[in-house]
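All remarks here apply to the structure that follows.
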Amino acid sequence: MGAWAIAVHGGAGVDPNLPKERQEDAKRLLTRCLDIGISALRSNLPAIDVVELVVRELETDPLFNSGRGSALTENGTVEMEASVMDGPKRRCGAVSGLTTVKNPVSLARLVMDKTPHSYLAFAGAEEFARKQGVELVDNEYFITEDNVGMLKLAKEANSILFDYRIPTLCTCGGGTAMESPIQMNGLPITVYAPETVGCVVVDKEGHCAAATSTGGLMNKMIGRIGDSPLIGSGTYACDLVAVSCTGEGEAIIRSTLAREVAAVMEYKGLNLHEAVDYVIKYRLDEGKAGLIAVSKNGEVACGFNTTGMFRGCATEDGFMEVGVW
């Protein structure tokens, strides 16, 4: 019997000017989710059940960018995605393009448990959800007043917004807006915190699991798929480690960031903290991202190269921490 550990995140890339009230709201939500996970682990729920339970809670609360409160597409609608992975046999399930499924992470779990496939998307995923009898809601359920306002600002700025913050446009001389110095796939964007959510757990049996869920980018193109549902990029779990990522999806995809943590542990012999530090430093190619991870030995680690990351973690020996910066 080993020691359990859990970590949760609510997105990397926090605005330095984030209002104190929102910081405290985020900390309260992360603490509540940790408490739910800790209680489940003490009740001997397996890791895969715990990550689903915790991410469902994050999807239900509109504070972060998943489920209710998801970022809006260029058309003002919501398209959500999620994935889960169970470490012992590396079983996984993922979904994209969801518009009516109240809890995308649970549909991803059903893809893993009830189909011969690993990934379902758009109309096929929605049809599968109906057949499975999961809770469905109108797309309007996911849309918040704050995000409607942020989409308007994003369109006025002609930029992609990762989430809720107001884009800053600098003007020089003749009033021409300065081009953003940050690029995604070679194109300039304005970057704000993605606020994707995720959870990683190792249970008393030493079994690791991970889950990640998001609404994606504010003002994203219809049909855009990020890293969150991509196994090995945004989510990964094996018999050694579990990882959930957040940040610039395209950079995370290129680096297969979550799998890289496991790979350097396996092939370079790094411990969990060394592995997390290594991939954040050397595998992002100037991209901005963060991740949470647990090892089979009950270790927990968080890493990011952004200003901050909404995160919390706890271990069986009584350690618990919730932070933003």
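The values are calculated or read from the model by the stated rules, or taken from the named source; none is laboratory data. Quantities reported herein were computed from a predicted structural model and do not represent experimental measurements. As a convention, Cβ positions derive from the backbone with ideal geometry for all residues, glycine included, and neighbour counts pool all protein chains shown. Only protein heavy atoms, including side chains, enter the accessible area calculation; ligands, DNA and RNA are left aside. Shrake-Rupley method; radii C 1.70, N 1.55, O 1.52, S 1.80 Å.
Numbers for the structure displayed
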read-out	value
Selection within the stretch 112-142 - aliphatic (A, V, I, L, M) and either open to solvent by 50 Å² or more (accessible area, probe 1.4 Å) or in a helix (DSSP H, G or I) (or both)	MET112, ALA123, ALA125, ALA129, LEU136
Answer from THR99, THR115 - the residue that is in contact (Cβ under 8 Å) with a residue 12 or more places away in the chain, farther than 24 Å from GLY10 by Cα and of a type in the set (S, T, N, Q)	THR115
In the stretch 310-325, the residues that are in contact (Cβ under 8 Å) with a residue 12 or more places away in the chain and either assigned to a strand (DSSP E or B) or at positive phi (or both)	PHE310, ARG311, GLY312, CYS313, ALA314, THR315, MET320, VAL322, GLY323
Residue in the stretch 49-66 that is of a type in the set (A, V, I, L, M), touching a strand residue (DSSP E or B) at 6+ places or on another chain (Cβ under 8 Å), open to solvent by 10 Å² or more (accessible area, probe 1.4 Å) and over 27 Å from LYS204 (Cβ atoms) present	yes
Enumeration of residues in the stretch 70-81 that are open to solvent by less than 30 Å² (accessible area, probe 1.4 Å) and touching a helix residue (DSSP H, G or I) at 6+ places or on another chain (Cβ under 7 Å)	SER70, ALA71, LEU72, GLY76, VAL78, MET80, GLU81
Any chance ALA7 is in a strand (DSSP E or B), among the small types (Gly, Ala, Ser) and in contact with a Ser or Thr (Cβ under 9 Å, 6 or more places away or on another chain)	yes
Condition met for GLY11 (touching a strand residue (DSSP E or B) at 6+ places or on another chain (Cβ under 9 Å) and open to solvent by less than 10 Å² (accessible area, probe 1.4 Å))	yes
Of the criteria (1) part of a loop (DSSP other than H, G, I, E, B); (2) modelled with pLDDT of 85 or more; (3) more than 23 Å from ASN75 (Cβ to Cβ), which one GLY174 fails	(2)
Some residue of the stretch 82-102 being modelled with pLDDT of 95 or more, surrounded by fewer than 24 Cβ atoms within 10 Å (Cβ to Cβ), under 14 Å from GLY216 (Cβ atoms) and not hydrophobic (A, V, I, L, M, F, W, C)	yes
Meets criteria (among the acidic types (Asp, Glu) and modelled with pLDDT of 95 or more) for ASP277	yes
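Let's see how each residue does on (1) under 29 Å from GLY287 (Cβ atoms); (2) modelled with pLDDT of 90 or more; (3) assigned to a strand (DSSP E or B):
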position: LEU107; (1), (2), (3): yes, yes, no
position: ALA154; (1), (2), (3): yes, no, no
position: TYR164; (1), (2), (3): yes, no, no
position: PRO167; (1), (2), (3): yes, no, no
position: VAL191; (1), (2), (3): yes, no, no
position: VAL201; (1), (2), (3): yes, yes, yes
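Conditions tested, residue by residue: (1) touching a His at 6+ places or on another chain (Cβ under 7 Å); (2) open to solvent by less than 10 Å² (accessible area, probe 1.4 Å); (3) touching a residue at least 60 places away in the same chain (Cβ under 8 Å).
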position: GLY198; (1), (2), (3): yes, yes, yes
position: HIS207; (1), (2), (3): no, no, yes
position: GLY216; (1), (2), (3): no, yes, yes
position: GLY223; (1), (2), (3): no, no, yes
position: GLY226; (1), (2), (3): no, yes, yes
position: ILE231; (1), (2), (3): no, no, yes
